[in-house]
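The values are calculated or read from the model by the stated rules, or taken from the named source; none is laboratory data. Owing to the predicted nature of the structure, the values given are computational and were not obtained by experimental measurement. All Cβ positions, glycine included, derive from the backbone under ideal geometry; neighbour counts span all protein chains shown.
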Amino acid sequence: MFEQSFKNIDNILHTDSGCGTELDYIEQTSWILFLKYLDDLEETKKTESALAGKKYEYILATDYRWNNWACPKSKDGKLDHNKALDGDDLIDFINNKLFLYLKKFRADNPNTIEYKIGEIFHELKNKISSGYKLREILNIVDGMHFRLYEEKHELSHLYEAKIKNMGNAGRNGGEYYTPRPLIKTIVKVVGPKIGDTIYDGACGSAGFLVEAYNYLTENQSKLSSKQMEILQTKTFYGKEIKSLAYIIGIMNMILHGIEAPNIRHMDTLSENINDIQEKDRYNIILANPPFGAGIGREVQQNFPIKTGETAFLFLQHFIKILKAGGKAGIVIKNTFLSNTDNASVSLRKLLLENCNLHTVLDLPGGAFQGAGVKTVVLFFEKGAPTKKVWFYQLNLDRNLGKGNPLNEADLAEFVKLQKTKANSDNSWSIDIKDVNRETFDLSVKNPSRGGEVVLREPKDILAEMSELDKESKDILKNIISLI
């Protein structure tokens, strides 16, 4: 229904001087789509209220509703060119009236869609410089309707595809995107239930929260109104430091059907973990925290194990904020399992003594497009020490890359064997009593492959270096064009 419309919008934005990258494309498409989606949502609620014999109070004032400023209609249902703003008049209205009006909603209750509207437009600004091109985009979006389930489903599917493109557009975008097949697999293995609180302290575009929502709704034949209320208001929680990722995350959840996402715009690591109380804890944690060194000493003071590695601080945060009996699925660099520095050893000891690290999924290079590191997924439950760890090494008969991404079929054997922790050519278990008590080394050493640590092929590394060089040239070219 909408795929060609999305392509047409991208083609228009590509010719606008205010938008230079995939990040700009999704940012600008998002706020326009959001306002159209909000208008359709309001019309649906108005119809529902009428059927219930009630009067519906619109969220937006008359002058700021879609059919009044974006695409006013004549009596025959077509665009009224006498009322429709265009060119500089349209840009002036959006920049100096519409955005200023929408920002004011942030004063409402944080747990409402009104507040989220204010948050979105407080963080965003219109970058489309041509009012004539913006008029073309508004006309395209006006032809897209999001009232039927099938329409909403396709919108959410295409929006995920745009987020994926954003994730592949450069280093900044790549921080926001985790392959959806991997997320679905992690959610499936962790197995959240309705009534659980689900948390991602580095939620980016909210992929884990969205997939958890899909998992909980698709695995139920029919949800009661009480269950839907629990999912809408008391289930999904996230934090994100970067403005664009935060906005995309909120809109991604709203476009998937969660009207007032509990996502906060903040630095998770700025919170001293000693201040976390029982009321702050969650049943389920699903996350792919950012990797990288360089965290300042003032932030490290919030953690008992001092380290400049971002992901290691997040792991301490996750262990602390998980409820007793709670379950987690967390992506982390594979070097976490074997590094010999004091912080790594102490963190492995903390994890093994406070949690049952029951499963480690070892992913091949290329699972994360554009990332030069190998990763593992840690699955653990809090409240009892680890006695045995089951490892699964994902060995594929092809090289992963942009044209050959990870898919759910690749992970099907892992999901099947994980249920019973069965041994195979790709899986094995180790007893913690056999682990060195000084280093707590958990290196991935597949016994069926002679115990060697499987390294990436040189040709794969060179291919990735070539791809990164190409991306760097593209980024430099965009920067030069802006100077």
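Report those strands (runs of 3 or more DSSP E) wholly inside the stretch 260-333 carrying at least 2 residues which are modelled with pLDDT of 95 or more and not hydroxyl-bearing (Ser, Thr, Tyr).
Correct list: 282-287, 322-333.
What number of residues in the stretch 133-165 are among the aromatic types (Phe, Trp, Tyr), assigned to a helix (DSSP H, G or I) and touching a residue at least 40 places away in the same chain (Cβ under 8 Å)?
1
Within the stretch 55-83, can you find the residues that are surrounded by fewer than 11 Cβ atoms within 10 Å (Cβ to Cβ), free of Cβ contacts under 8 Å to residues at least 12 places away in the same chain and on the phi < 0 side of the Ramachandran plot?
Scanning the stretch 55-83 gives LYS55, GLU57, THR62, LYS75, ASP76, LYS78, HIS81, ASN82.
Which of the following residues is under 18 Å from the mean Cα position of the chain (by Cα), surrounded by fewer than 20 Cβ atoms within 10 Å (Cβ to Cβ) and assigned by TED's automatic domain parsing to the domain that holds ARG437: GLY296, GLY292, GLY325, GLY257?
Checking each option against the conditions leaves just GLY257.
Does any residue of the stretch 217-226 turn out to be of a type outside the set (A, V, I, L, M), surrounded by 17 or more Cβ atoms within 10 Å (Cβ to Cβ), part of a loop (DSSP other than H, G, I, E, B) and on the phi < 0 side of the Ramachandran plot?
No: zero hits.
Of everything in the stretch 384-432, what is in a loop (DSSP other than H, G, I, E, B) and among the hydrophobic types (A, V, I, L, M, F, W, C)? Give them in sequence order.
Passing the criteria: ALA384, LEU394, LEU396, LEU400, LEU406, ALA422.
Go through PHE391, PHE368 for me and flag whichever is surrounded by 17 or more Cβ atoms within 10 Å (Cβ to Cβ), in contact (Cβ under 8 Å) with a residue 24 or more places away in the chain, of a type in the set (Phe, Trp, Tyr) and closer than 20 Å to GLY207 by Cα.
Answer to the selection: PHE368.
Before we move on, is TYR199 modelled with pLDDT under 90 and either surrounded by 13 or more Cβ atoms within 10 Å (Cβ to Cβ) or closer than 30 Å to MET144 by Cβ (or both)?
no
Can you give me the number of residues within the stretch 421-441 that are of a type in the set (Phe, Trp, Tyr) and exposed (fewer than 15 other Cβ atoms within 10 Å of the Cβ)?
0
Listed here are the residues, each with its yes/no results for (1) modelled with pLDDT of 70 or more; (2) among the charged types (D, E, K, R); (3) within 16 Å of LEU209 (Cα to Cα).
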site: LEU148; (1), (2), (3): yes, no, no
site: GLU154; (1), (2), (3): yes, yes, no
site: GLU160; (1), (2), (3): yes, yes, yes
site: ASN165; (1), (2), (3): no, no, no
site: ALA169; (1), (2), (3): no, no, no
site: ASN172; (1), (2), (3): no, no, no
site: TYR177; (1), (2), (3): yes, no, yes
site: ARG180; (1), (2), (3): yes, yes, yes
site: LYS188; (1), (2), (3): yes, yes, yes
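Among the residues of the stretch 222-239, what is the count of those that are aliphatic (A, V, I, L, M) and within 22 Å of ARG281 (Cβ to Cβ)?
2
I'm checking my understanding of the structure. Among residues of the stretch 111-132 that are small (Gly, Ala, Ser) and not in a loop (DSSP other than H, G, I, E, B), which one is modelled with the highest pLDDT?
GLY131
Among the candidates ASP76, ASP80, ASP39, ASP86, which residue alone is acidic (Asp, Glu) and in contact with a strand residue (DSSP E or B) (Cβ under 8 Å, 6 or more places away or on another chain)?
Just one listed residue meets the conditions, ASP80.
Output the residues belonging to the stretch 338-365 that are part of a helix (DSSP H, G or I), buried (at least 21 other Cβ atoms within 10 Å of the Cβ) and out of contact with any Phe, Trp or Tyr (no Cβ under 6 Å at 6 or more places or on another chain).
SER344, LEU351 - these are the residues of the stretch 338-365 that are part of a helix (DSSP H, G or I), buried (at least 21 other Cβ atoms within 10 Å of the Cβ) and out of contact with any Phe, Trp or Tyr (no Cβ under 6 Å at 6 or more places or on another chain).
Residue check, LYS75 against (1) part of a helix (DSSP H, G or I); (2) modelled with pLDDT under 95, all met but one. Which one?
Result: LYS75 passes all but (1).
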